[in-house]
Amino acid sequence: YRMTSVLNVDTIAAKDGTSPVALTKQAATKAFANMNGTGTIAFRDSLNASSLTDHSAGIYTTSWTNSFADTEYATTTATNLDQAYSGDMVIVTQATGSLKHKTYYGASHAGTDASINCHTNFGDLA
């Protein structure tokens, strides 16, 4: 005989009250950021992201609130350059405590600010 159950909660916490909750047989997003990369850069929305740094045209760093265990976490990224150039590319450099997002356009690969920059990150936290 099987009973159906409903679990209604407001918060799920680890036993110590501060550690991330361990998920088994699941892969959950550990960090993401959606940011404006033109003018004054700012998060539109984020998870586990503590700050943004604007280095130069098209180059930004997102710092993590909780670091990743290593630099081998998976990242997906998307950028809207508001322009149509051939040879556009985005390069990310991952560190345990941050991710550097570099947006280049055209054959010259010159850095350019993009109005929308997004990345989603999966992996083990430290």
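Some points to look at:
- Under 12 Å, Cβ to Cβ, from MET35 - net charge with Lys/Arg +1 and Asp/Glu -1: -2
- Length gained when the stretch SER63-ASN34 is fully extended (0.36 nm per residue, less Cα-Cα span): 9.1 nm
- Contour minus Cα-Cα distance for THR75 and VAL21 (0.36 nm per residue): 17.3 nm
- Fluctuation leader among GLY97, GLY39, GLY58 - the chain, Gaussian network, Cα springs under 10 angstrom: GLY39
- Segment ILE116-PHE43, length gained on full extension (0.36 nm per residue, minus Cα span): 25.3 nm
- The number of Lys pairs in the chain with C-alpha atoms less than 22 Å apart, excluding pairs fewer than 8 positions apart on the same chain, is 4.
- Tail beyond 21 Å, pair distance distribution of the chain (Cα, percent): 47
- What the chain shows is 64 Å² of accessible area per residue, with the surface traced by a 1.4 Å probe over protein heavy atoms.
- Computed in the context of the full set of protein chains, the accessible area of the chain at 1.4 Å probe radius has 51% of its extent on carbon or sulfur.
The values are calculated or read from the model by the stated rules, or taken from the named source; none is laboratory data. Computed from a predicted model, the values in this text were never measured in an experiment. A quick note on method: Cβ atoms are made from the backbone with ideal geometry, for glycine too, and the neighbour counts reach across all protein chains shown. Each accessible area value is taken on the protein alone, full model and side chains, heavy atoms only, with ligands, DNA and RNA left out. Shrake-Rupley method; radii C 1.70, N 1.55, O 1.52, S 1.80 Å.
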